[in-house]
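The values are calculated or read from the model by the stated rules, or taken from the named source; none is laboratory data. No experiment lies behind these values; they were computed from the predicted model shown. Virtual Cβ from ideal backbone geometry, glycine too; neighbours counted across all protein chains shown.
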Amino acid sequence: MKTKKNKLNKKTVRTLLLVLGGLAALGPFSIDMYLPGFAAMAGDLNCGMQEVGYSLTAYFIGICFGQLIYGPLTDRYGRKLPVLAGLAIYTISSAICASVNNIHALIAMRLFQALGGAAGMVSGRAIVRDLFPTSLVAKFFSSLMLVMGAAPIIAPIAGGAVIPAFGWRSIFIILTVFGCLMFIAVTRYLPESKSPDPAVSLAPGRIFKNYFEVLKNREFMINGFASGALGASLLAYISGSPFVFMKLFGLSEKQFSWLYAVNAFGLIAGSQLNHFLLRRFNSRTITIYAAALQLTANFMLLAAASNINACRPLFYILIFIILSLCGILNPNTVALALKPVGKAAGSGSSILGFIQMTSGTFATFAVSVLHNGTVFPMVVTLAGLSFTGVLLLITERLYTARQISEQSH
């Protein structure tokens, strides 16, 4: 692959994939690995599963606002130093999570854990935008999905195996070790793609002005919100799946872990299919068709949910299809959103991450608030997000067509 100024050899690209994949995997490990332990955590901390679910919401809130913080920092101090600072916060918070004795302390520490983990998400997207031309960004993100996609497969299986044997606290001990290993990997192997720039002001007024410049870009905003809505489907599934599959469908922790792994494999398969599709079609075309197909699958899921006992096999299949399409949609919507921001990649990455995680937080909150003891809170949220994403993509397509028409005249 070529960068804008030079060439990256294959070894460097592979190393970059592994390190950025590890940083991106912090999120899935921090989320998916402890899901099978919800019931055990509720019992140990003397609270309900719904309250344990708020620790997941707290993590998403931390990711949202953490990304807004790190964007200007990565433009000012380079991409690498903020990542190291964030990993230190993540690691310390993970260690404290392992020792809490009440749900409120867990929720608070999950917030700080996310604030630390957000650094890698922001810098990772910005580094890719720094090093690769627009035509290769979506391809690299698809390759990155292959690496980070292993996390949603490994995490729930590991959680399902570790929690019964060593308790839920062992999950956070593992995350602490993972944070230490990533700190070492970033220190030794992650290249600095942008030199520190003292000219970048960290004054609040200047930061907001930089953000406003990005927000004025209509192409970025439409694609960014489409990315948020379509990507939030994955988080709605993550939030609702423990109750739906373990409580309603009666799956054991181990069975749930394997089902989760199968669906995560679909996510990876979708990302790799996208790599193939990009050889023949552009990101905009792939996105609109994949989103339309996902919306169709969500409407079918709504119909299946109305007679869940008779349609349970179809329910499993449709969930798999919906998540597989997320693997196609995510790299393309991210590439389309970041395409117009250019030099403001750090700020653009922050805002995009904020939009994505705000959408995800809304999705998880909606699933919790609408909880009524059925599958419908998760299913209705999935359908609503997909419908919103398709509307935004149609809007973007119409806007682009109008621009082309005006330029031709």
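Worth a mention:
- Test: residue in region 205-226 that is more than 30 Å from Phe387 (Cα to Cα), in contact with a Pro (Cβ under 7 Å, 6 or more places away or on another chain), among the aliphatic types (A, V, I, L, M) and surrounded by 15 or more Cβ atoms within 10 Å (Cβ to Cβ): yes
- In the set Gln67, Gln50, only one residue is under 25 Å from Ala363 (Cβ atoms), modelled with pLDDT under 85, under 19 Å from the mean Cα position of the chain (by Cα) and of a type outside the set (A, V, I, L, M, F, W, C); that residue is Gln67.
- Subset of region 247-290 [farther than 19 Å from Phe315 by Cβ, hydrophobic (A, V, I, L, M, F, W, C) and not in a helix (DSSP H, G or I)]: Leu278, Phe281
- The selection criterion, being among the β-branched types (Val, Ile, Thr), in a helix (DSSP H, G or I), crowded, with 23+ Cβ neighbours inside 10 Å and in contact (Cβ under 8 Å) with a residue 40 or more places away in the chain, holds for Ile63.
- Residues in region 204-224 that are out of contact with any Lys or Arg (no Cβ under 9 Å at 6 or more places or on another chain), within 21 Å of Ile69 (Cβ to Cβ) and of a type in the set (A, V, I, L, M, F, W, C): Ile207, Phe208, Phe212, Val214, Leu215, Met221.
- Among the criteria (1) assigned to a helix (DSSP H, G or I); (2) touching a residue at least 24 places away in the same chain (Cβ under 8 Å), the one Cys47 does not fulfil is (1).
- Exclusive hit being touching an Asp or Glu at 6+ places or on another chain (Cβ under 7 Å), farther than 29 Å from Ala42 by Cα and in contact (Cβ under 8 Å) with a residue 60 or more places away in the chain, set Asn210, Asn223, Asn274, Asn217: Asn223
- Pick from region 324-371, criterion in contact with a Pro (Cβ under 7 Å, 6 or more places away or on another chain) and not small (Gly, Ala, Ser), ranking: modelled with the lowest pLDDT: His371
- Test: Val137 is surrounded by 19 or more Cβ atoms within 10 Å (Cβ to Cβ), within 20 Å of Ile328 (Cα to Cα), modelled with pLDDT of 80 or more and of a type outside the set (Lys, Arg): no
- Val177 being farther than 20 Å from Gly116 by Cα and either among the polar types (S, T, N, Q) or modelled with pLDDT of 80 or more (or both): no
- Condition met for Tyr90 (more than 30 Å from Thr287 (Cβ to Cβ) and crowded, with 24+ Cβ neighbours inside 10 Å): yes
- Among the criteria (1) touching an Asp or Glu at 6+ places or on another chain (Cβ under 8 Å); (2) closer than 22 Å to Val128 by Cα, the one Arg188 does not fulfil is (1).
- Evaluated against (1) over 16 Å from the mean Cα position of the chain (by Cα); (2) at pLDDT below 85, Leu235 falls short on exactly one condition, (1).
- Any hit, region 305-313, residues being of a type in the set (A, V, I, L, M, F, W, C), in contact with a helix residue (DSSP H, G or I) (Cβ under 7 Å, 6 or more places away or on another chain), assigned to a helix (DSSP H, G or I) and more than 26 Å from Gly117 (Cα to Cα): yes
- On the stretch given as region 352-409, residues that are buried (at least 19 other Cβ atoms within 10 Å of the Cβ), among the polar types (S, T, N, Q) and farther than 16 Å from Ala232 by Cα total 0.
- Search result, residues across region 259-289 that are crowded, with 16+ Cβ neighbours inside 10 Å and aromatic (Phe, Trp, Tyr): Tyr260, Phe265
- Any chance Phe249 is touching a residue at least 24 places away in the same chain (Cβ under 8 Å) and closer than 24 Å to Gly48 by Cα: yes
- Complete set of residues in region 1-31 that are modelled with pLDDT of 80 or more and surrounded by 21 or more Cβ atoms within 10 Å (Cβ to Cβ): Leu16, Val19, Leu20, Gly22, Leu23, Ala24, Ala25, Leu26, Gly27, Phe29, Ser30, Ile31
- Within the set Thr364, Thr400, Thr296, the sole residue that is more than 23 Å from the chain's Cα centre (by Cα) and of a type in the set (Ser, Thr, Tyr) turns out to be Thr400.
- Among the residues making up region 70-87, those that are modelled with pLDDT of 90 or more and surrounded by fewer than 20 Cβ atoms within 10 Å (Cβ to Cβ) are Leu81, Leu84, Ala85.
- Residue check for Leu301: hydrophobic (A, V, I, L, M, F, W, C), buried (at least 23 other Cβ atoms within 10 Å of the Cβ) and under 22 Å from Leu391 (Cβ atoms): yes
- Beta carbons closer than 9 Å, at least 6 apart along the sequence or on distinct chains, pair a first residue in region 327-341 that is within 17 Å of Phe281 (Cα to Cα) with a second that is of a type in the set (Asp, Glu) for Leu336/Glu219; Leu336/Glu396; Lys339/Glu219.
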